[in-house]
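Colleague: For reference, the structure I am asking about is given below.
The values are calculated or read from the model by the stated rules, or taken from the named source; none is laboratory data. Remember, it's a predicted structure, so these values are computed and weren't measured experimentally. Here the Cβ is made from the backbone with ideal geometry for all residues, glycine too, and neighbour counts use every protein chain on show.
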Amino acid sequence: MHFRLDAGKQDFHRTDMDGVATFRARIARADETAITEAAAILRAGGLVGMPTETVYGLAGLATSDAAVAKIYAVKGRPTFNPLIAHFDSLAAAAREARLDATAERLADAFWPGPLTLVAPVAGDCRISLLARAGLDTLALRVPGSATARALIAAAGAPLAAPSANRSGAVSPTRAEHVAADLGDRIGLILDAGPCVWGVESTVVACLAEGPRLLRPGAISRERIEAALGGPIAEAAPGQTPAAPGALASHYAPNALLRLNAAQAPQGAVVLDFGGRIGASGRGLRLDLSPAGDLSEAAANLFAHLRALDAARPALIVVAPIPDRGLGAAINDRLRRAAAPRPAQGGAGA
Ligand code: AMP
Ligand code: MG
């Protein structure tokens, strides 16, 4: 066992066999005092749980290879899957990457908010090469969460902050989810309540060949296209990094998932939408939105998946979800949650 103190006031215990520190995480309401404490941990190279409007993030200095290496290690995330750098302003983001007219238009329309832009790095980009997975492009976002922006400002640097869960598992939308997944890996989790969107940001690449939608997310395609004044193309083959999250198993609960179900077989639990499957049988049933509202469904998606999975069912059956608006992001996450699992854990983030 190896004792070390390198991360502010974290409740720090030891480093485990991977050299990753083990902790007992404290959940603190995200007031000024807690944000100041979290910023000190970040500046010392440590990691904290950070609320955002999409999902809770595992935050570390995006400018530090060492902090970014810790993020990959704590999540068990493959280092070829690049991280998003989070900024507290458009001006701060624009210092690190070359935002073209389209990127600026999208940033004006949706920042601060749940849109990530991928752009060529600036010549003097300070973002860790490890965070970029060695690419000469950078994923950037100014989060809508005032807590997240206050933490970035207090840390004095952009933060890398992928979802605060083990790679490949269900994303966290509450501080308690982070504690359940990574509570032994970080010392402090800022709590700003449940995430308002509940699904990850939409990712749009703004590179030489024009804008491309790389990942559906909280900002619907319809809203992106309205801002652009025309249709947006999908990612060209090979344009997304070899990120396993692209189609492989991701967001996966322990139970198997069956999508677009009309009814529930004996012994299955139900993830319903708008009461489509209804209270068949005696099994557990949670409705993403009894009223059929897609925003409410997105906000409930990961929390409901976790709650159903906690009952240790063999099978979760999921009602059909309309594929418009936020439904596209919900269906994207569900398809990956239902995808065949690799033998050893998931692969994305
Ligand atoms: P997450 O896994 O939720 O943290 O989101 C990060 C997403 O942004 C992943 O799908 C990454 O593959 C994608 N991403 C990050 N950096 C880049 C980049 N430079 N080019 C393309 N996609 C990127
Ligand atoms: Mg993730």
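Colleague: I'd like the full set of residues that are part of a helix (DSSP H, G or I), among the small types (G, A, S) and in contact with a helix residue (DSSP H, G or I) (Cβ under 7 Å, 6 or more places away or on another chain), limited to the stretch 287-305. Even if it seems obvious, please write down each step before you answer.
Modeller: Going through the stretch 287-305, the residues part of a helix (DSSP H, G or I) turn out to be 294-305.
The next check asks that each one be among the small types (G, A, S); those that pass are 295, 297-299, 303.
Listed by number, the residues that qualify are A297, A298.
Colleague: Something else about it: Could we say that A131 is within 13 Å of ligand 1 (Cβ to nearest atom), assigned to a strand (DSSP E or B), surrounded by 23 or more Cβ atoms within 10 Å (Cβ to Cβ) and touching a residue at least 60 places away in the same chain (Cβ under 8 Å) here?
Modeller: On the way: within 13 Å of ligand 1 (Cβ to nearest atom): yes; assigned to a strand (DSSP E or B): no; surrounded by 23 or more Cβ atoms within 10 Å (Cβ to Cβ): yes; touching a residue at least 60 places away in the same chain (Cβ under 8 Å): yes.
Answer is no for this residue.
Colleague: How many residues are farther than 25 Å from D100 by Cβ, at pLDDT 95 or above and within 13 Å of ligand 1 (Cβ to nearest atom) when one looks only at the stretch 134-169? Steps first, please.
Modeller: Restricting attention to the stretch 134-169, the residues satisfying the condition of being farther than 25 Å from D100 by Cβ are 145-148, 150-151, 153-156, 162-169.
If we keep only those that are at pLDDT 95 or above as well, we get 145-148, 150-151, 153-156, 162-165.
Pick out the ones that are also within 13 Å of ligand 1 (Cβ to nearest atom) and you get 162-165.
Residues meeting the conditions: 4.
Colleague: Which members of the stretch 270-286 meet the condition of being in a strand (DSSP E or B) and over 17 Å from R333 (Cβ atoms)? Don't jump to the end; show me each part of the working.
Modeller: Step one: filter the stretch 270-286 for residues in a strand (DSSP E or B), giving 270-272, 285-286.
Hits for the stretch 270-286 are V270, R285.
Colleague: Taking interchain pairs and intrachain pairs at least six residues apart, which have beta carbon atoms under 7 angstrom, with the first residue in the stretch 326-349 and assigned to a loop (DSSP other than H, G, I, E, B) and at pLDDT below 85 and the second within 12 Å of ligand 2 (Cβ to nearest atom) and among the charged types (D, E, K, R)?
Modeller: If the second residue must be within 12 Å of ligand 2 (Cβ to nearest atom) and among the charged types (D, E, K, R), the pairs left are A349/K75; A349/R77.
Colleague: Of all residues being in a helix (DSSP H, G or I) and in contact (Cβ under 8 Å) with a residue 12 or more places away in the chain in the stretch 134-149, which is surrounded by the most Cβ atoms within 10 Å (Cβ to Cβ)? Just the residue, please.
Modeller: By that ranking, first place goes to A148.
Colleague: If I filter the stretch 22-59 down to residues being in a strand (DSSP E or B) and over 14 Å from the mean Cα position of the chain (by Cα), which single residue comes out as nearest to H250 (Cα to Cα)? Break it down into steps so the answer makes sense when it comes.
Modeller: Keep residues of the stretch 22-59 that are in a strand (DSSP E or B), which gives 22-23, 26-29, 48-50, 57-59.
Now restrict to residues that are over 14 Å from the mean Cα position of the chain (by Cα): 22-23, 26-29, 48.
On the way: T22: 25, F23: 26, R26: 27, I27: 26, A28: 29, R29: 29, V48: 23 Å.
Among those residues, the one meeting the criterion is V48.
Colleague: Looking only at the stretch 161-176, count how many residues are more than 12 Å from ligand 2 (Cβ to nearest atom) and either surrounded by 24 or more Cβ atoms within 10 Å (Cβ to Cβ) or under 16 Å from L47 (Cβ atoms) (or both).
Modeller: Count: 1.
Colleague: Quick one: would you say R285 is away from ligand 2 (no atom under 16 Å from the Cβ) and surrounded by 16 or more Cβ atoms within 10 Å (Cβ to Cβ)?
Modeller: Working: away from ligand 2 (no atom under 16 Å from the Cβ): yes; surrounded by 16 or more Cβ atoms within 10 Å (Cβ to Cβ): yes.
Answer is yes for this residue.
Colleague: Name the residue, out of A264, A338, A252, that is under 28 Å from E222 (Cα atoms) and either hydroxyl-bearing (S, T, Y) or crowded, with 22+ Cβ neighbours inside 10 Å (or both).
Modeller: A252 is the lone residue from the list that is under 28 Å from E222 (Cα atoms) and either hydroxyl-bearing (S, T, Y) or crowded, with 22+ Cβ neighbours inside 10 Å (or both).
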